[in-house]
Amino acid sequence: MAFDTSVTPDAVTDLSAREMRRSVMGRWGLRLGVIIGWLAFLGVWYLFSQFVLGTQQLPPPHTVGQEAWQVVTGAGFGSTLWASLFRVIAGCLLALVASIVLGTVIAYSAWWRGLLGSLTRFFVSIPTVALAILALILFGVSGLGPMLTAALVATPYVMSSVAQGLTGVDRRLIVMSESFARTRAQIITGVLLPSSVLAVIGGARQAFALAWRITLLTEVFASSDGVGFQIRRSFESYDVRGMLAWTALFIGLMFIFENFVFRQLERRAFGGAHVSLATAEPAQ
């Protein structure tokens with residue numbers, strides 16, 4: 001048998017070094033692309049503010065930044081932000097719990113799949129603004145309306161994601177559990193949900209992304225506090241800088257949650273999945 005003498009330890013080391021440099025350059029290129037994208041966005045904003053709409057209709061970024069700093073250092077900022085954040089988290093958790101239950105049901109029951117599928121298409125077709133106004137009619141000006149509206153809007157999307165994750169579970173694990181006389185509840189809690197943890201985390205991230213958008217919109221109509229209420233007050237006084245400042249602050253906070261909470265959970269879940277596959281491989 002002939003061996004390729006060109007493959008030497010030095011060649012392998014050089015190849016690994018090149019791959020490492022390529023990986024580092026790729027990461028820095030991605031970061032540079034993000035920076036360029038934000039600079040381009042700010043540049044377009046400046047152009048529209050100065051030459052298209054005017055500074056009165058669209059304040060430039062530095063003016064909005066100054067207003068945002070005044071909002072952060074002013075009184076009542078923490079309570080206002082917490083009111084909205086609490087509704088977002090509560091609505092997200094309600095949507096996630098309902099989605100796990102309903103997603104499990106529709107993944108393993110054709111009858112429930114047909115029923116909930118038709119209801120899902122009905123709720124998805126309802127305009128979000130209509131739901132916000134309906135929340136105002138049903139619950140009045142309170143914090144309950146934005147929270148329930150966020151949960152109602154997010155649940156159909158997250159439910160579908162969870163159901164797809166559950167149906168993608170390896171059937172051999174279920175058959176093995178049944179051979180050991182495990183009950184249906186034990187199979188769901190011990191096999192299905194742990195195996196579909198990536199889908200559940202992805203559904204939670206999607207629920208959070210939907211919940212904070214819907215909460216903000218509903219607060220404009222049906223709340224006496226929160227960021228959405230502050231945006232409405234700024235609109236009523238024609239304070240465009242205040243509207244943009246509150247919106248930018250709230251979006252920035254949500255980006256922090258999505259990137260530093262859910263992304264880290266996804267990375268840990270991917271790592272756990274790789275470990276599970278590695279430990280299960282020899283047993284096949």
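Brief remarks on what is shown
- Derived scalar couplings ³J(HN,Hα) [the range 117-132; Karplus, 6.51 cos²θ - 1.76 cosθ + 1.60; whole Hz; x for Gly, Pro]: x, 5, 5, 4, 4, 5, 5, 5, 7, 6, x, 5, 4, 5, 5, 5
- Ranking by accessible area, most exposed first, for Met25, Met159, Met243 with a 1.4 Å probe: Met25, Met243, Met159
- Heavy atoms of Tyr238: accessible area, 1.4 Å probe, square angstrom to 10: 120 Å²
The values are calculated or read from the model by the stated rules, or taken from the named source; none is laboratory data. What you see is a predicted model, and the numbers here were worked out from it, not measured in a lab. We work out accessible area using only protein heavy atoms, side chains counted, and drop any ligands, DNA or RNA first. Shrake-Rupley method; radii C 1.70, N 1.55, O 1.52, S 1.80 Å.
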